[in-house]
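Colleague: If you scroll down you'll find the structure; I have some questions about it.
What follows is calculated from the coordinates using simple rules that are stated; it is not laboratory data. Note that the structure is predicted; figures quoted are calculated from it, not measured. Every residue, glycine as well, gets a Cβ built from its backbone with ideal geometry; the counts of neighbours run over all protein chains shown.
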Amino acid sequence: MLDVVQAIRAARDTSEVWRVTVAAFRECGAAAFSVGAAPREETGSVVICSDAPMDEMQREYFRNRIYRYDPWMELCQQTADPTTLDVPAAKRADSVMTPLAWHFGRHGIRYAVLFPAYSGPSVGGIALYAVSASGEATLRDPAMMQIAGVTASVFASRFHPATSFCPEVSTLRTNAALSDREKEALSWFARGLQTARVADKMGIADVTVNKHVASARRKLGARTRDQALALAVRSGEISF
């Protein structure tokens, strides 16, 4: 455990923090994991970074607006203790976790555990997913849970989804939904048009096009226009 803690603390950038953490969580039995946070004052806003195997699940999470009623986000505000979810059992039960369990079950997840990780202006956690019986058994082991919990805490001290970005991480973000004009502008750029042609198509000035794109970038948490395009397509905001 000390080796993992030291490796995360010594990592040079968020990409290395991510790689070290992925390896550590794999040893704990997790087939995939995600880290998410939402500003306390904006219940419709959430940022999630997920490793590749759960990429489609995260797209569905945003496309179907599951984040608007995710009970795990609420639990993050109420407890600092890990919360576990036995997916088959939760699917049979009639509880607040049942819709989330069905969402997980559609993507092969058998067992999941959430470590609340963020406080202050954001609420959120780090979720580990087991998609096999062996992974579930490993993740249920108390010793492994302790290692995973410590790893999650140290990881959270170096990586916050709202401010971190690296190419190896699938990052999806939604704040207020994009406006129709923001979607239209991004859609034209996605088709390969340049700013002047987009302005002609929309019947507005070049500077107004740029304002729409800048606003969309802020809402999506994107650094560049191309990144905004990718995130908008993947989160279902635009299609072409």
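Colleague: Does the range 177-234 classify as rounded, prolate or oblate by the C-alpha gyration tensor (a ≥ b ≥ c root eigenvalues; a/c under 1.5 gives rounded; else a/b over b/c gives prolate, otherwise oblate)?
Modeller: Values: a/c = 1.78, a/b = 1.50, b/c = 1.18.
Judged from the Cα gyration tensor, the range 177-234 comes out prolate (a/c at least 1.5, a/b above b/c).
Colleague: Calculate the spin-label point distance for Arg106 paired with Arg181, positioning each point 7 Å from the Cα along the beta-carbon direction, and give it in nanometres.
Modeller: In this crude spin-label approximation the distance works out to 3.4 nm.
Colleague: I've got another one for you. What's the exposure ranking of Leu178, Leu193, Leu220, going from fewest to most Cβ atoms within 10 Å?
Modeller: Numbers: Leu178 22, Leu193 16, Leu220 26.
Fewest to most other Cβ atoms nearby, the residues stand as Leu193, Leu178, Leu220.
Colleague: Does the range 57-151 classify as rounded, prolate or oblate by the C-alpha gyration tensor (a ≥ b ≥ c root eigenvalues; a/c under 1.5 gives rounded; else a/b over b/c gives prolate, otherwise oblate)?
Modeller: Cα axes put the range 57-151 in the oblate bin.
Colleague: Relative contact order of the chain: what whole-number percent is it, with Cα pairs under 8 angstrom and at least 6 residues apart?
Modeller: In percent, rounded to a whole number, it is 24.
Colleague: For the chain, what is the calculated [θ] at 222 nm in deg cm²/dmol (nearest 500), taking -39500 (n - 2.57) for each run of four or more DSSP H residues and dividing by its residue count? Show your work: numbers first, answer last.
Modeller: Numbers: 12 runs with 123 residues, N = 240.
Computed ellipticity for the chain at 222 nm equals -15000 deg cm²/dmol.
Colleague: Could I ask something else about it? Nearest 10 degrees is fine. How inclined is helix 206-220 to the longest principal axis of the chain, computing both from alpha carbons?
Modeller: Rounded to the nearest ten degrees, it is 10.
Colleague: Tell me the GluC sites (Glu not before Pro) within the range 1-101 that lie in a loop according to DSSP and have at most 13 other beta-carbon atoms within 10 Å. Mind showing how you got there, number by number?
Modeller: Details: sites: Glu16, Glu27, Glu41, Glu42, Glu56, Glu60, Glu74; in loops: Glu41, Glu42.
Of the GluC sites (Glu not before Pro), the ones in loops of the range 1-101 whose Cβ has at most 13 other Cβ atoms within 10 Å are Glu41, Glu42.
Colleague: Additional query: Based on the alpha-carbon gyration tensor of the range 1-140 and its eigenvalue square roots a ≥ b ≥ c, which shape applies: rounded if a/c is under 1.5, prolate if not and a/b is larger than b/c, or oblate?
Modeller: oblate
Colleague: If you take Rg and Dmax of the Cα atoms in Å from the coordinates, which of [x] 22.4, 90; [y] 19.1, 62; [z] 18.3, 60 do you get?
Modeller: Identified label for the calculated read-out: [y].
Colleague: So, one more: To the nearest 20 Debye, how big is the dipole of the chain about its Cα centre, given +1 on the beta carbon of each Lys and Arg and -1 on that of each Asp and Glu?
Modeller: Result for the chain is approximately 620 debye, rounded to the nearest 20.
Colleague: Angle check, please: helix 225-234 long axis (alpha carbons) against the longest principal axis of the chain (alpha carbons), in degrees 0 to 90, nearest 10.
Modeller: Around 60 degrees separate the two axes.
Colleague: Give me the angle, in degrees from 0 to 90, between the Cα long axis of helix 14-27 and the longest principal axis of the Cα atoms of the chain, rounded to the nearest 10.
Modeller: 40 degrees
Colleague: Grab the Cα-Cα distance for Arg40 and Ser134, subtract it from 0.36 nm times how many residues apart they are, and report the gain in nm with one decimal. All intermediate terms of the calculation are to be shown ahead of the outcome.
Modeller: Numbers: separation 94, 0.36 × 94 = 33.84 nm, distance 3.63 nm.
Length gained, Arg40 through Ser134: 30.2 nm.
Colleague: FRET efficiency for Gln146 and Thr79, Cβ-Cβ distance as r, R0 = 22 Å, nearest 0.05?
Modeller: After rounding to 0.05, the efficiency reads 0.80.
Colleague: Further, regarding this structure: Among 86-97, 110-121, 208-219, 138-149, how do they line up from the highest to the lowest mean number of other beta-carbon atoms within 10 Å?
Modeller: Final packing ranking: 110-121, 208-219, 138-149, 86-97.
Colleague: Report the gain in length on full extension from Asn64 to Thr163: 0.36 nm times residue separation, minus Cα-Cα distance, nm rounded to one decimal.
Modeller: Working: separation 99, 0.36 × 99 = 35.64 nm, distance 2.44 nm.
Length gained between Asn64 and Thr163: 33.2 nm.
Colleague: Roughly speaking, what is the stretch gain from Arg26 to Ala205, that is 0.36 nm per residue apart minus the C-alpha to C-alpha distance, in nm to one decimal? All intermediate terms of the calculation are to be shown ahead of the outcome.
Modeller: Numbers: separation 179, 0.36 × 179 = 64.44 nm, distance 5.09 nm.
Using 0.36 nm per residue and subtracting the Cα-Cα distance, I get 59.4 nm.
Colleague: What distance in nm separates the two pseudo spin-label positions at Arg92 and Thr195, each 7 Å out from Cα along the beta-carbon direction?
Modeller: Roughly 6.0 nm, to one decimal.
Colleague: Using the charge dipole of the chain (Lys, Arg: +1 at Cβ; Asp, Glu: -1 at Cβ; taken about the Cα centre), state which of Ala196, Val131, Ala162 has its Cα farthest towards the positive end.
Modeller: Ala196
Colleague: Tell me which of Ala143, Ala216, Thr83 sits at the most positive position along the dipole axis of the chain, charges placed on C-beta atoms (Lys, Arg +1; Asp, Glu -1).
Modeller: Going by the Cα projections, it comes out as Ala216.
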